[in-house]
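The values are calculated or read from the model by the stated rules, or taken from the named source; none is laboratory data. Being a predicted model, the structure only gives us computed values, none of them experimental. As a convention, Cβ positions derive from the backbone with ideal geometry for all residues, glycine included, and neighbour counts pool all protein chains shown.
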Amino acid sequence: MGDQPNSEGNAPLVNPEQGDVPVEAEVEPIATSKMILSTRTSRAWIRLLPALVVLVVILVFVFQNPKDVKVSLFTFSGTLPLSVALLGAVVLGALMTLALGSIRIFQLRRQVHRKLERSEGDNRRLR
């Protein structure tokens with residue numbers, strides 16, 4: 001009657017002052033049988049595709065640069081294929097970046113932890 005839709009299926013009005021805008025009486029829930037939910041396995045496959053693309057690019061790089069070059073690092077020296085030397089340099093650079101980034105994250109977490117302890121101590125004193 002007042003809030004209920006009539007038998008013709010028309011929705012009731014929200015507020016006559018807002019204009020004659022009908023509002024749906026009920027929103028139909030999406031049928032769960034029609035939805036395909038994401039799983040860990042499906043996400044793993046999605047993450048595997050970019051890794052495979054990177055692997056293919058690296059393999060193409062290695063096979064296109066087989067020329068041997070002389071490499072020296074501190075007191076060690078030797079000959080390696082150019083691609084292996086460049087990939088080694090990239091890996092060493094990535095490891096250094098990872099190490100420095102990890103140290104910085106550790107420092108920032110310690111600072112945040114100390115600030116939280118101080119603010120909790122101040123809150124305890126106020127009580």
Could you tell me which residue of region 65-78 is modelled with the highest pLDDT, considering only residues that are of a type outside the set (D, E, K, R) and surrounded by fewer than 10 Cβ atoms within 10 Å (Cβ to Cβ)?
SER77
Quick check on region 101-109. Is at least one of its residues in contact with a strand residue (DSSP E or B) (Cβ under 8 Å, 6 or more places away or on another chain) and either modelled with pLDDT under 90 or outside any loop (DSSP other than H, G, I, E, B) (or both)?
no
